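First the structure, in the form of structure tokens, and then the observations on it.
The values are calculated or read from the model by the stated rules, or taken from the named source; none is laboratory data. What you see is a predicted model, and the numbers here were worked out from it, not measured in a lab. In this analysis, Cβ positions are derived from the backbone assuming ideal geometry, glycine residues included, and neighbour counts consider all displayed protein chains. These area figures cover heavy atoms from the full protein model, side chains too; ligands, DNA and RNA do not enter into them. Shrake-Rupley method; radii C 1.70, N 1.55, O 1.52, S 1.80 Å.
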Amino acid sequence: MLPPRDTPTRERKSLVGLWRFALDPEGIARDQNWAEGLPAHAREMPVPASYNDIVPDLELHGHVGDAWYETTIRVPRHWQDRRIMLRFESATHRAEAYVNGRSVVAHEGGYTPFEADVSDLVRPGSPDLVTVAVDNRLTWQSIPPGFVDQTPDGPRQRYFHDFFNYAGLHRPVWIYATPLSHISDVTVTTELEGEFGVVAYEVETENAGDAGVQVTLLDDGGAEVARATGHAGELRVEDPHLWRPGEGYLYSLAVELRGEAEAVVDSYSLQVGIRTVEVDGSRFLINGEPFYFKGFGKHEDAPVAGKRHDDAWMIHDFALMDWIGANSFRTSHYPYAEAVLEYADRHGIVVIDETAAVGINASLGGVLGGVSFETFSKETINDETREVHAQAIRELIARDKNHPCVVMWSITNEPESWTEASRAYFEPLVAETHRADPTRPVGWANFMEATPDRDRICDLFDVLMLNRYQGWYAQTGDLVAAERVLEAELQAWVDRLEIPIIFSEYGADAVAGLHGIDGGPWTEEYQAQLLAMFHRVFDRFDAVVGEHVWHFAEFATAPGVMRADGNKKGVFTRERRPKTAAHQLRQRWRGP
Ligand code: BDP
């Protein structure tokens with residue numbers, strides 16, 4: 001799915017700004033036809049943003065159900081006779097959009113884009129009403145899963161993951177125009193053959209008739225390096241400038257649809273990084289060279305606007321990752337805004353790209369909400385959920401397949417993985433991921449209770465990612481015991497599998513400003529000492545090819561006795577001030 005761009009044949013208008021907004025806790029909006037106009041009590045709401053914390057209002061904060069947004073747009077008159085698309089970069093967790101009261105698209109899943117052809121509904125030159133109902137409910141058949149608890153005090157959303165259920169329109173919304181005869185998708189994969197970089201491309205078109213495809217690869221100075229014609233083919237680049245960690249060198253692929261007399265009917269330009277990714281035994285290779293992941297599990301999370309994509313926070317976070325010496329991160333626990341991946345492409349930051357399949361695990365219910373359930377059953381996570389999960393994987397890959405920064409897919413975080421049912425659930429999903437993208441390794445983040453003697457799915461994957469909390473959730477306060485247990489477990493993994501191991505989570509909560517001579521849980525010293533303990537163990541094993549600290553920054557969670565105003569495992573506070581651990585990590589990752 002191509003993101004909208006301004007090109008010689010295409011034009012886009014951002015719909016970012018203040019929209020009208022109303023909650024529909026009783027589910028009356030469709031009967032009252034809010035799609036043709038929100039009620040008088042509607043208020044203003046920024047787009048993009050999570051709506052939950054914009055104003056101090058518990059109704060908004062804890063809302064369960066639909067939230068309606070509405071804006072009036074004006075499509076330029078010269079868009080007449082063009083294909084006009086309405087595109088949402090995301091709507092959390094599902095949405096139905098309307099134009100002038102007519103439903104145009106519905107979408108399931110809170111973190112991938114969707115769009116609708118609205119050419120026949122908008123009236124270029126005149127005002128048009130765009131409305132969207134965004135539903136934040138998590139169910140057994142949503143990814144991530146959850147359920148709505150009908151309590152005597154009203155509905156309460158329960159879920160099995162450890163971040164606040166922020167909702168709304170978190171990313172930009174666009175209206176854009178393309179020619180009727182247009183390029184609809186481009187897929188690029190790259191390989192190295194001796195001195196050559198090989199860029200294989202495939203272009204899909206719609207309503208293109210006899211028009212032909214021409215692709216031209218340009219270097220970053222705009223000089224042509226290769227050219228080809230046809231919907232699919234290969235471009236060979238002698239002595240290519242590779243995309244590599246730390247150096248996001250990008251070519252651009254100018255794709256043109258050419259009609260009679262070579263006239264350009266449609267044009268689209270895609271950034272291309274030439275690089276390879278491969279797993280070899282227990283090594284993770286980028287361009288044939290072993291790569292060691294240093295960085296974080298992150299969240300899209302900040303005060304006030306919640307999960308809003310914000311360019312200022314994005315650049316600030318990348319600058320802090322650079323300061324500390326990180327070379328990579330995981331998009332825990334859902335696909336991030338497309339701008340984040342584009343930035344990582346340009347700057348050579350390596351990304352593990354994750355679906356929103358977090359909390360497929362009954363044993364987490366007790367930790368996070370005092371509820372317990374059977375993970376996989378007809379009534380809970382079932383075949384329908386798996387189909388929604390498969391669709392989430394397909395949508396992630398369709399969106400992110402062309403990003404050189406993405407070196408691996410992570411299809412789930414901490415699922416139940418020790419039962420026959422879990423194997424039956426995941427086996428087809430791993431196959432589906434490989435089918436959708438045969439070029440990248442597939443991984444998943446293993447839960448602490450899924451030890452090497454119990455786990456039943458690790459052999460399905462190319463890479464093992466471990467989330468481990470020795471010294472925090474187990475052996476609390478005892479780093480000597482924690483080190484022994486961690487080392488023994490790691491040895492057992494190495495004995496069982498010969499694949500790369502990345503620590504995708506390890507860490508401890510620390511209250512910024514809380515100090516203690518002997519450390520102790522919740523102090524800044526203990527957090528730093530625990531990370532140092534993990535590092536000592538990692539350095540004893542060649543199969544460990546990466547360390548992603550949990551977490552980059554403190555983040556909001558649902559309330560709970562284990563959480564003090566959110567999760568405090570950040571090495572930066574939520575406002576991005578460094579704790580002691582941040583300085584220590586900088587020493588390890590950047591050197592003295
Ligand atoms: C793991 C989860 C992560 C949590 C973390 C924690 O993968 O989302 O935030 O532990 O407890 O269970 O801090």
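Just to be sure before I move on: is Ile501 more than 16 Å from the ligand (Cβ to nearest atom) and closer than 22 Å to Phe552 by Cβ in the structure I sent? Full working, then the answer.
Working: more than 16 Å from the ligand (Cβ to nearest atom): yes; closer than 22 Å to Phe552 by Cβ: yes.
So Ile501 passes the test.
Sort out which residues of region 23-49 are crowded, with 19+ Cβ neighbours inside 10 Å and assigned to a strand (DSSP E or B), and write them in order of number.
Of region 23-49, the ones crowded, with 19+ Cβ neighbours inside 10 Å are 23-24, 29, 34-35, 38, 45, 47-49.
If the condition is that a residue be crowded, with 19+ Cβ neighbours inside 10 Å and assigned to a strand (DSSP E or B), then Leu23, Asp24, Met45, Val47, Ala49 are the ones that fit.
Just so you know, in region 456-485 the residues that are within 16 Å of the ligand (Cβ to nearest atom) and outside any loop (DSSP other than H, G, I, E, B) include one that is surrounded by the fewest Cβ atoms within 10 Å (Cβ to Cβ), and it is Ala474. Each residue in region 523-567 was checked for being within 14 Å of the ligand (Cβ to nearest atom), open to solvent by 30 Å² or more (accessible area, probe 1.4 Å) and not in a loop (DSSP other than H, G, I, E, B), and 0 of them qualify.
Listed here are the residues, each with its yes/no results for (1) of a type outside the set (Val, Ile, Thr); (2) open to solvent by less than 10 Å² (accessible area, probe 1.4 Å); (3) in a loop (DSSP other than H, G, I, E, B).
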residue: Tyr69; (1), (2), (3): yes, yes, no
residue: Thr72; (1), (2), (3): no, no, no
residue: Tyr98; (1), (2), (3): yes, no, no
residue: Ala106; (1), (2), (3): yes, no, no
residue: Asp120; (1), (2), (3): yes, no, yes
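For beta carbons closer than 6 Å, sequence separation of 6+ or different chains, a first residue in region 343-363 that is away from the ligand (no atom under 12 Å from the Cβ) and a second that is among the basic types (Lys, Arg) and part of a strand (DSSP E or B), the qualifying pairs are Ile352/Arg330.
Gly513 falls short on exactly one of the conditions (1) touching a helix residue (DSSP H, G or I) at 6+ places or on another chain (Cβ under 8 Å); (2) in contact (Cβ under 8 Å) with a residue 24 or more places away in the chain; (3) of a type in the set (Gly, Ala, Ser), and that condition is (2). Any residue at all in region 445-455 that is open to solvent by 10 Å² or more (accessible area, probe 1.4 Å), within 16 Å of the ligand (Cβ to nearest atom) and of a type in the set (Ser, Thr, Tyr)? So far as region 445-455 goes, yes, one or more of its residues are open to solvent by 10 Å² or more (accessible area, probe 1.4 Å), within 16 Å of the ligand (Cβ to nearest atom) and of a type in the set (Ser, Thr, Tyr). Checking each residue in region 377-416 for being among the acidic types (Asp, Glu) and either in a loop (DSSP other than H, G, I, E, B) or more than 21 Å from Arg244 (Cα to Cα) (or both) picks out Glu379, Asp383, Glu384, Glu387, Glu395, Glu414, Glu416. Among the residues of region 507-547, those that are closer than 21 Å to Pro290 by Cβ and not aliphatic (A, V, I, L, M) comprise Phe534, His535, Arg536, Phe538, Asp539, Arg540, Phe541, Asp542, Gly546, Glu547.
So for region 176-193 (the condition being within 16 Å of the ligand (Cβ to nearest atom), open to solvent by less than 30 Å² (accessible area, probe 1.4 Å) and polar (S, T, N, Q)), does at least one residue qualify?
Residues of region 176-193 that are within 16 Å of the ligand (Cβ to nearest atom), as a first pass: none.
No, region 176-193 contains no residue that is within 16 Å of the ligand (Cβ to nearest atom), open to solvent by less than 30 Å² (accessible area, probe 1.4 Å) and polar (S, T, N, Q).
Every test in (1) open to solvent by 20 Å² or more (accessible area, probe 1.4 Å); (2) away from the ligand (no atom under 16 Å from the Cβ); (3) out of contact with any Lys or Arg (no Cβ under 6 Å at 6 or more places or on another chain) is passed by Arg423 save one, and that test is (3).
Given the condition touching a residue at least 40 places away in the same chain (Cβ under 8 Å), within 16 Å of the ligand (Cβ to nearest atom) and not small (Gly, Ala, Ser), answer yes or no: does some residue in region 86-104 qualify? No, because not a single residue in region 86-104 is touching a residue at least 40 places away in the same chain (Cβ under 8 Å), within 16 Å of the ligand (Cβ to nearest atom) and not small (Gly, Ala, Ser). Screening Leu138 on (1) open to solvent by 10 Å² or more (accessible area, probe 1.4 Å); (2) of a type in the set (A, V, I, L, M); (3) within 16 Å of the ligand (Cβ to nearest atom) shows it passes everything except condition (1).
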